[in-house]
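A quick write-up on the structure given underneath.
The values are calculated or read from the model by the stated rules, or taken from the named source; none is laboratory data. Bear in mind the structure is a predicted one, so any value in this text is a computation, not a measurement. Cβ sites come from the backbone with ideal geometry, for glycine too, and all protein chains shown count toward neighbours.
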Amino acid sequence: MAEEDIIISVRDVRKTFSNARGETVTVLDAVTFDVVRGETLVVMGGSGCGKSTLLNCLISEYDLDGGHITFKTRDMDSPVDIVGLDDDALNEIRKRFGILFQSGALFNSMTVGENIALPLQEHSVVDPAVIDIVVTLKLQQVKMLPHRDKMPAQLSGGQKKRAGLARATALDPEILFYDEPTAGLDPVTSTAIDELMMDLSKKLRVTSIVVTHEMDSAFRIADRMVMLEKGKVLKIGTRQEFEKLRDADASELGSNDERLMNQFLNGLATGPLTDAEGLSEFEKLITAG
């Protein structure tokens, strides 16, 4: 890929936390990959693999213990490393991306329309009449206009995700981050959310980074995929490469990592993820998801 096509570059990212005993636990270990402008990149892996931590690092919610994350949006003359930036500089970059949280994260005291208007009120200087028009357009994009005056408590899970997506796109971002966008939804609603994400990516020409462990959704929306295990990148490749790995006969795969990914991608009960010996009970729970 050409350097000018890269919108996010992740290099040797390391993140640690302290456990209850005061020990240092490495959650991300030398994570390296690039995100290409306009693509949908899916980050996947079992519970505890580090994918949610990686998302929080990408949006600069967590400070890194090592490595670099650079952004190159359309208004930047050259890539900007977010590590060590002050809050004002970070907030300017954050205006170029939107985030759909797992729960939708709507403010319960505001109507759907007020939730979507909030980013425009806080981060732009436009007339209230213009904000009203933008809110209408964003609700139309996610097929939620009839629910404009409802409170979040009156919405279904899928409707909350749609409203959250409308708010995430309020400032016309270049990058959208999704945290488990179809978690907790029934298969029909999950498919509808996936199709909405793909439609918005095409119409808005945004780059999407999706964190998920829902394999049906991942293979439906991804251009490329990143597989994490125990904080390390096992593989990054196209959806077609992962489909080939998923459909392979595990007994014919050449490495333990390939067999592990085959097990995860197929949701199998037996394989390297669950057959590992010598692990602590905590590690067994994590690797089993």
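Whenever a residue of region 32-46 is within 10 Å of Arg224 (Cβ to Cβ), its partners that are acidic (Asp, Glu) and modelled with pLDDT under 95, lying with C-beta atoms within less than 8 angstrom and at least six residues away or across chains, give the pairs Val36/Asp5. Number of residues in region 183-213 that are over 27 Å from Thr73 (Cα atoms) and β-branched (Val, Ile, Thr) equals 3. Considering (1) in contact (Cβ under 8 Å) with a residue 12 or more places away in the chain; (2) out of contact with any Pro (no Cβ under 8 Å at 6 or more places or on another chain), the lone condition that Phe107 does not fulfil carries the number (2). Looking at region 169-258, the strands (runs of 3 or more DSSP E) lying wholly inside it that each contain 1 or more residues that are free of Cβ contacts under 8 Å to residues at least 24 places away in the same chain sit at 232-238. Counting only residues that are in a helix (DSSP H, G or I) and either over 27 Å from Arg96 (Cβ atoms) or without any contact (Cβ under 8 Å) to a residue 60 or more places away in the chain (or both), region 150-168 holds 10 of them. Looking only at region 157-173, decide whether some residue is surrounded by fewer than 20 Cβ atoms within 10 Å (Cβ to Cβ), farther than 30 Å from Glu92 by Cα and either of a type in the set (A, V, I, L, M) or at pLDDT below 90 (or both). Scanning region 157-173 turns up at least one residue that is surrounded by fewer than 20 Cβ atoms within 10 Å (Cβ to Cβ), farther than 30 Å from Glu92 by Cα and either of a type in the set (A, V, I, L, M) or at pLDDT below 90 (or both). Considering (1) surrounded by 13 or more Cβ atoms within 10 Å (Cβ to Cβ); (2) more than 30 Å from Leu196 (Cβ to Cβ); (3) among the polar types (S, T, N, Q); (4) at pLDDT 90 or above, the lone condition that Asn256 does not fulfil carries the number (1). Quick check: is even one residue across region 107-116 polar (S, T, N, Q), at pLDDT below 90 and part of a helix (DSSP H, G or I)? There is no residue in region 107-116 that is polar (S, T, N, Q), at pLDDT below 90 and part of a helix (DSSP H, G or I).
Evaluated against (1) within 20 Å of Gly237 (Cβ to Cβ); (2) assigned to a loop (DSSP other than H, G, I, E, B); (3) aliphatic (A, V, I, L, M), Leu85 falls short on exactly one condition, (1).
Among Asp194, Asp249, which is the only one that is crowded, with 17+ Cβ neighbours inside 10 Å, farther than 23 Å from Ile131 by Cα and either of a type in the set (Phe, Trp, Tyr) or touching a helix residue (DSSP H, G or I) at 6+ places or on another chain (Cβ under 9 Å) (or both)?
On the way: Asp249 fails: crowded, with 17+ Cβ neighbours inside 10 Å.
Sole residue among the options that is crowded, with 17+ Cβ neighbours inside 10 Å, farther than 23 Å from Ile131 by Cα and either of a type in the set (Phe, Trp, Tyr) or touching a helix residue (DSSP H, G or I) at 6+ places or on another chain (Cβ under 9 Å) (or both): Asp194.
If you check Gly67 against the conditions, is it in contact with a Phe, Trp or Tyr (Cβ under 9 Å, 6 or more places away or on another chain) and either of a type in the set (Gly, Ala, Ser) or within 29 Å of Asp199 (Cα to Cα) (or both)?
Details: in contact with a Phe, Trp or Tyr (Cβ under 9 Å, 6 or more places away or on another chain): no; either of a type in the set (Gly, Ala, Ser) or within 29 Å of Asp199 (Cα to Cα) (or both): yes.
In short, no.
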